[in-house]
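The values are calculated or read from the model by the stated rules, or taken from the named source; none is laboratory data. Every value quoted in this text rests on a predicted model; they were computed, and no experiment measured them. Quick reminder, even Gly has a Cβ in these numbers, built from the backbone with ideal geometry, and neighbours come from all protein chains shown.
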Amino acid sequence: MTPLFVYGTLLDPDVLARMSGEPSLPRRMMPARLEGWRRVHLRGTPYPTLVEDAGAAVEGAVVRAGPAALARLSDYEGSAYALVPLTVATPRGPMRARAWIAPTWRADLVRPWPG
């Protein structure tokens, strides 16, 4: 199982269940916070991405996805994003996870998400 940090549309339980193909996946979400990053719009889309920002933090969730769900979620996220390893804070302590993040040049650095 791959721990994923989700911070945008996949925080919606209906979207996560539908896109992962696993209706029970949203029940396994655990709150998480990513320090040192900021959520902004992906340029030209209604979707978010993350950019490093020492003074910021992003609230999201960690969910453990199996291979089939990970493949479906990767298809949903598309080629604009890459899975990036990072460490998030959870109620159980720090956890290594991966998040879909676009290259910085694709980020709209002035437009926070949502906004």
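Structural remarks
- Options Leu73, Leu16, Leu50; residue that is aliphatic (A, V, I, L, M) and in contact (Cβ under 8 Å) with a residue 60 or more places away in the chain: Leu73
- Among the residues of segment 39-54, not one is surrounded by fewer than 14 Cβ atoms within 10 Å (Cβ to Cβ) and within 14 Å of Val6 (Cα to Cα).
Per-residue answers, yes or no, for (1) under 13 Å from the mean Cα position of the chain (by Cα); (2) within 21 Å of Pro112 (Cα to Cα); (3) not in a loop (DSSP other than H, G, I, E, B):
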site: Ala71; (1), (2), (3): no, no, yes
site: Ser74; (1), (2), (3): yes, no, yes
site: Ser79; (1), (2), (3): no, no, no
site: Pro85; (1), (2), (3): yes, no, yes
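- Among all positions in segment 53-72, there is at least one residue which is at pLDDT 95 or above, touching an Asp or Glu at 6+ places or on another chain (Cβ under 6 Å) and over 16 Å from Asp12 (Cα atoms).
- Pro67 vs. criteria surrounded by fewer than 21 Cβ atoms within 10 Å (Cβ to Cβ) and more than 19 Å from Leu83 (Cα to Cα): no
- Thr87 fulfils the conditions (1) in contact (Cβ under 8 Å) with a residue 60 or more places away in the chain; (2) loosely packed, with under 15 Cβ neighbours inside 10 Å; (3) more than 25 Å from Arg18 (Cα to Cα) except for a single criterion, (1).
- Apart from one condition, Ala80 fits all of (1) in contact with a helix residue (DSSP H, G or I) (Cβ under 8 Å, 6 or more places away or on another chain); (2) under 19 Å from Ala102 (Cα atoms); (3) exposed (fewer than 14 other Cβ atoms within 10 Å of the Cβ); (4) not basic (Lys, Arg); the exception is (3).
- Selection within segment 87-115: residues that are of a type in the set (A, V, I, L, M, F, W, C) and outside any strand (DSSP E or B). The member of this set that is nearest to Thr2 (Cα to Cα) is Ala102.
- Of all the criteria given as (1) modelled with pLDDT of 95 or more; (2) within 25 Å of Pro112 (Cβ to Cβ); (3) polar (S, T, N, Q), the one not satisfied by Ser20 is (2).
- Within segment 1-17, the set of residues being modelled with pLDDT of 95 or more, in a helix (DSSP H, G or I) and either touching a strand residue (DSSP E or B) at 6+ places or on another chain (Cβ under 9 Å) or among the aliphatic types (A, V, I, L, M) (or both) comprises Leu10, Leu11, Val15, Leu16, Ala17.
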